[in-house]
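The values are calculated or read from the model by the stated rules, or taken from the named source; none is laboratory data. As the structure is a prediction and not an experimental result, all values here were calculated from the model. Cβ: placed from backbone, ideal geometry, glycine included. Neighbour counts: every protein chain shown. Each accessible area value is taken on the protein alone, full model and side chains, heavy atoms only, with ligands, DNA and RNA left out. Shrake-Rupley method; radii C 1.70, N 1.55, O 1.52, S 1.80 Å.
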Amino acid sequence: MQNLRKKFPVLKQCIYANTAATGLLYEDLLEWRQEHDLDYLIGGSEMKMKSFHNMSNVRDAVGKFFSCKTENVALVPNFTLGLNMLLEGLTKKQNILLLKDDYPSLNWPFETRDFNREYIEIDEKLEERIYEKVQTGKIDVLALSIVQWVNGVKIDLNFLKKLKNDFKNLLIIVDGTQFCGTQEFNFQDSGIDVLGASAYKWLLSGYGNGFVLVKEEAKERFDLKFIGNGSVDREIDKRNDIPFCKYLEPGHLDSFNFGSLQFSLNFLENIGMNHISAQMEKLSSKAKAEFSALNLLEENVVDRNLHSTIFNIKGDKQLFNKLESQNVVCALRGDGIRLSFHFYNTENEIDAIADMLKS
């Protein structure tokens with residue numbers, strides 16, 4: 001991992017603990033982007049027409065990376081747009097279970113439509129509370145983020161698999177934006193019916209690209225309405241034969257943005273998601289131990305066995321400014337300061353932050 005750090009110039013200037021806000025650009029992707037735009041500069045429309053055909057390769061790359069059938073992959077500019085398109089096709093008057101204070105782009109689209117909603121508090125008994133609520137038989141859809149954006153609480157994926165197995169009619173929709181790219185993940189083998197994600201954070205793909213993964217059996221729960229020339233790949237005679245996921249791709253897909261996604265998935269695969277997962281587990285354990293010892297974490301986080309590499313420590317604007325003055329890049333979120341670590345971070349950096357907090 002130390003050699004990989006050289007590909008991220010920002011890391012020479014600071015301790016970057018803000019991937020939960022924005023993943024870093026790395027030298028290899030910059031070079032690919034420059035070549036892409038040089039080809040566009042020289043090739044004009046001919047280059048762009050050829051690039052449209054590459055979108056099937058991007059879907060293949062996403063499907064391979066997350067173990068999802070290619071035909072069940074939709075490419076979308078971001079999670080928010082993908083979810084809103086899906087919900088326009090979900091039957092109204094359904095009972096939706098959400099998490100209180102989950103990411104706005106997940107909760108708000110449900111809250112602004114004609115759904116009946118119930119909420120669960122995010123605490124150390126999160127999975128137990130979800131199960132009890134679903135067990136009442138009054139919940140049609142569970143929608144939540146795999147990893148919480150403010151404090152990094154992570155839902156147990158094995159729990160979701162059991163939940164789906166026990167309640168087969170429950171539709172499980174998740175936001176994977178703060179999760180995808182942090183560990184190995186098999187969508188087809190999971191309990192999740194629909195997973196959407198933006199790829200500019202942990203997948204290091206830059207802005208303007210994301211995806212939606214859909215299980216085959218979940219498609220019948222939606223009657224999608226969005227449609228456009230992109231839905232038929234500019235072949236207008238296919239108007240009456242549009243596959244499910246193409247309703248989520250009504251317009252053009254940009255080769256710069258989605259080419260970046262494909263490039264980054266290959267980059268992460270070459271590193272090895274097993275190596276990335278191992279590094280993330282080390283960083284999570286280290287950070288949790290250090291911040292817990294300083295009594296800076298919520299009890300809900302300390303008492304849970306499973307956690308991500310996102311931590312919200314107790315602190316105000318003054319402490320935030322102090323960290324910033326010592327070249328720690330982080331963010332004010334909720335009632336504290338959010339620190340988030342990717343594979344390019346080190347345990348030594350966590351030690352350095354802990355020393356700053358002690359002083």
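The charge dipole of the chain, taken about its Cα centre with unit charges on the Cβ of Lys, Arg, Asp and Glu (plus for the first two, minus for the last two), comes to roughly 160 debye.
Ranking ILE271, ILE227 from most to least accessible surface, computed with a 1.4 Å probe over the protein chains only, gives ILE227, ILE271.
Summary of packing: across the peptides 183-191, 301-309, the per-residue average of other C-beta atoms within 10 Å ranks them, highest first, as 301-309, 183-191.
Structural descriptor for the chain: relative contact order 24 percent, calculated from alpha carbon pairs under 8 angstrom and at least 6 residues apart. A 1.4 Å probe, protein heavy atoms only, puts the accessible area of TYR207 near 130 Å². As a calculated quantity, the FRET efficiency between ASN158 and CYS14 at R0 = 25 Å, using C-beta atoms, amounts to about 0.10. Between ASN3, GLY336, SER359, the Cα set farthest toward the positive side of the dipole of the chain (charges on each charged residue's Cβ, about the Cα centre) is that of GLY336. Note on the chain: dipole from Cβ charges, positive end direction compared against ALA74, MET280, GLY152; the farthest Cα belongs to GLY152. Taking LEU38, LEU83 and ordering them by how much accessible surface each has at a 1.4 Å probe, largest first, produces LEU38, LEU83. Each Cα pair of the chain feeds into the Kirkwood radius, which the Stokes-Einstein equation turns, at 37 °C and 0.692 mPa s, into a diffusion coefficient of 153 µm²/s.
Computed from phi, the 3J(HN,Hα) profile of the range 238-244 under the Karplus parametrisation 6.51, -1.76, 1.60 (θ = phi - 60°) reads 8, 3, 9, 9, 9, x, 3 Hz, with x in place of Gly and Pro.
Of all DSSP beta bridges confined to the chain, the antiparallel ones make up roughly 55%. Extension gain for GLN318 to MET47 (0.36 nm times residue separation, less C-alpha to C-alpha distance): 92.4 nm. Amide H contacts for ARG333 (H built 1.01 Å from N in the peptide plane; partners 5 or more residues away or on another chain; cut-off under 5 Å): ARG338.
Here is the link list: LYS12/LYS154; LYS93/LYS161; LYS12/LYS64; LYS219/LYS246. Which ones come out longer than 24 Å on Cα distance? Too far apart for the 24 Å limit: LYS12/LYS154; LYS93/LYS161; LYS12/LYS64.
First compute the accessible area of the chain with a 1.4 Å probe, then give the percent of it belonging to carbon and sulfur atoms. Each step should come with its number before you reach the end.
Details: 7650 of 16260 Å².
C and S fraction of accessible area: 47 percent.
A simple spin-label model places the labels of TYR131 and GLU184 2.6 nm from each other, with each point 7 Å out along Cα-to-Cβ. If you average the C-alpha positions of the range 268-298 and of the range 93-154 separately, how far apart do those two centres end up, in angstrom? The distance from the Cα centre of the range 268-298 to that of the range 93-154 comes to 26 Å. Taking all protein chains together and a 1.4 Å probe, the residues GLU281, GLU235 rank GLU281, GLU235 from largest to smallest accessible area.
Positive contributions from Lys and Arg (+1) and negative ones from Asp and Glu (-1), summed over other residues with Cβ under 11 Å from the Cβ of GLY152, come out at +4.
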